[in-house]
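Read the figures in this text as sums done on the coordinates, not as results from a lab. From a predicted model like this one, the values you see are computed outputs, not experimental measurements. Ideal geometry is used to build each Cβ from the backbone, glycine not excepted, and the neighbour counts take in all protein chains shown.
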């Protein structure tokens, strides 16, 4: 059967195949000449348009190398790609700077199909899907595959023809699980070293900042967390008493006490002030238990709860006392331990509730970037739950930077979340100048704060009037109590003494000598011109987080575990670095 259309075009369909005839008048004359050259000569062998099909699934002739799926490309796909893949498109330029062969080499050890088994999708092709996922900001990987299926540019980017089968969205999950975060870190290392070779990294001044990223999960409400914590306490008591898994209920009095203690430990004002809350929690617990028994499988939170219970049982924390007051104290201590182990959201057992900026309560993660100041190249990525304190993350990031760049930087600028003695101590050890904003000491009472107390060259603490203070015995946590020696006649006594030490004193203050001394040094450094210049550059670079959120969805983690979201953070960093390389025209020669 032959059908004729306008512009002298026709379609013939028979049992052997489909024949399409297109008139040359349909095409721009210059484009038509390019197409003729493409099919009449061998230009396609080295043309940029054919690069994905020459590079992404190449198999190495080395014993033990994995076998990749080979994608056939048809004539119609070539014509459509000529029409729909513009050479100046941003995605084309991005493709040209991504080390596809390097990705295959770095991921090859995760595959065991060299001699038998089905051919696997080449890691480079699956990596291309992940690149599009973060560039296009698709709502899900399933939706991404639908977009790739209908857009020729996206198919070309992944090295697929118009009629080539696509991997399922489950294949992308399997790929991330199989390859693991360590190999994605290795890919980022290659990208950073490429930036270094192109002169985009100075290693003079670095910036370290962290931003909050919401979890892709439903956060538990305070009431639901109270039910969950009560559930865990009762499960722990049941197994502690029997030594084996049992369904026998704990006594109603202990159940009521467990609910009361769970509400106390969560410290939610609305629940604490509601006298009926413990009874409501127990009713909800019974309903949850009934639904759990009726369900065929276990939810993620149930698995996490059982893991928390088993962790506590392995610690052998003793048994529930017989005396009521001792029971409450014992359960309170147990509840605080259980609280730290239980999930804070449905669907993501690793995400945690935390306060951002000390005010906004969010369930998610901290995403941190270590950035070189020359061209804003990201050299290290940190991703941790929101309950992890930020001061523990800059030093591991610096170690990653050293491994990738080859040396520590000369200086680093950061906010006050890093103004802690271990951080300063590590920076001093590695001869790194720290431009760190000063942290404010929170005082529980009135009176002059720790910033008014200084040290002389002999190592004596001086009061605000410059008088030496008498040191007491060091306590277990390292604090040393200091007592004023001339407070009675001091003209600043009224302003200096806290409320509890009024009216006569003497002034007493509890300090850790070395941390306090280093804190004062950093506080003085914040008034220097070099500090102000470094912080001004850091403030300007904070737009990098805004760019990451706007272009690559860094405001919300797409996956539901720390390991997978760590990969998401690495992908965002890689894309921002690769985009910088693409803007500067730094193509990877092996790709072309």
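Order by neighbour count: 195, 490, fewest other Cβ atoms within 10 Å first, most last.
Fewest-to-most Cβ neighbours within 10 Å comes out as 490, 195.
Nearest 10 degrees is fine. How inclined is helix 252-266 to the longest principal axis of the chain, computing both from alpha carbons?
80
What is the fewest-to-most order of 557, 576, 353 by other Cβ atoms lying within 10 Å of their Cβ?
By the 10 Å Cβ count, ascending, the order reads 353, 576, 557.
Set the Förster radius R0 to 45 Å, insert the Cβ-Cβ distance between residue 279 and residue 539 as r into 1/(1 + (r/R0)^6), and round the FRET efficiency to 0.05. Kindly include the intermediate steps, with their values, before the conclusion.
Numbers: r = 52 Å, r/R0 = 1.16.
With R0 = 45 Å, the Cβ-Cβ based efficiency is 0.30.
For the chain, what does the relative contact order come out to in percent, with C-alpha contacts under 8 Å and a separation of six or more? Write down the numbers at each step before the final one.
Working: 842 pairs, mean separation 102.8, N = 592.
The normalised contact order for the chain reaches 17 percent.
To the nearest 10 degrees, how steep is helix 29-40 against the longest Cα principal axis of the chain, on a 0 to 90 scale?
80
Using only Cα atoms and rounding to the nearest 10 degrees, what angle (0 to 90) does helix 277-294 make with the longest principal axis of the chain?
Once rounded, the angle reads 30 degrees.
In which sequence would 526, 19 go, from the one with the fewest C-beta neighbours within 10 Å to the one with the most?
Sorted ascending by nearby Cβ count, the order is 19, 526.
Simple spin-label model, 7 Å along Cα-to-Cβ: residue 147 to residue 476 in nm?
Reported label-point gap for residue 147 and residue 476 is 5.5 nm.
Kirkwood hydrodynamic radius for the chain: how many Å is it when counted over pairs of different Cα atoms?
Computed over Cα pairs of the chain, the Kirkwood hydrodynamic radius comes out at 29.2 Å.
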